[in-house]
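Contents: one structure, followed by commentary.
FYI, it's all coordinate maths here, none of it is from the lab. Keep in mind the model is a prediction, meaning the values are calculated, not measured. Here the Cβ positions follow ideal geometry from the backbone for every residue, glycine too, while neighbour counts run over all protein chains shown.
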Amino acid sequence: KLAVETCVWPLYEFENGQFKLTAESKRIAEGTVEKKPVIEWFKAQGRYKHLLSEDNAHIVDQVQAEIDRKWNKLIALSKLEY
């Protein structure tokens, strides 16, 4: 669930050749649900605890920036009409 809420794992489908965000991802794109920062997903995953140190904050920032970049592309794609 956190992977979706942080947009690490967006939910989408193609219907009749049209890309659509679905479920929680759609609500985040519409602004009815707030997108959570990726650090919350990292905190829930023991395998990423090394990223939670202050020394690795720049890595988390880079990951967040990449997730945001990809998320913005998906939002733009969902607004295209074919």
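Among the listed pairs LYS26/LYS79; LYS36/LYS70; LYS20/LYS79, which are separated by more than 19 Å between their Cα atoms?
From the list (LYS26/LYS79; LYS36/LYS70; LYS20/LYS79), the Cα-Cα distance tops 19 Å for no pair.
How long is the gain from ASN56 to LEU77 if the chain were fully straight, where each residue apart is worth 0.36 nm and the alpha carbon distance is subtracted?
4.4 nm
Where in the stretch 44-71 does the label zone of LYS1 land, with the point 7 angstrom along Cα→C-beta and an amide N cut-off under 15 Å?
Hits in the stretch 44-71 for LYS1 at 15 Å: 44-45.
So what is log10(I(q)/I(0)) for the stretch 2-79 at q = 0.24, 0.28 1/Å, when the Debye sum runs over its Cα atoms only?
Here log10 of I(q) over I(0) equals -1.08, -1.31.
Identify all aspartates and glutamates with a Cα-Cα distance to LYS73 below 19 Å; exclude those on the same chain that are fewer than 8 residues away in sequence.
In chain and number order, the partners are GLU5, GLU13, GLU15, GLU24, GLU30, GLU34, ASP61, GLU81.
Would you calculate a helix-derived [θ] at 222 nm for the chain, using -39,500 (n - 2.57) for each DSSP H run of n ≥ 4 and dividing by the full residue count, to the nearest 500?
-15500 deg cm²/dmol
Stretched out fully, how many nm does the piece from LYS26 to GLU66 gain, at 0.36 nm a residue minus the Cα gap?
Contour length minus the Cα-Cα distance gives 12.5 nm.
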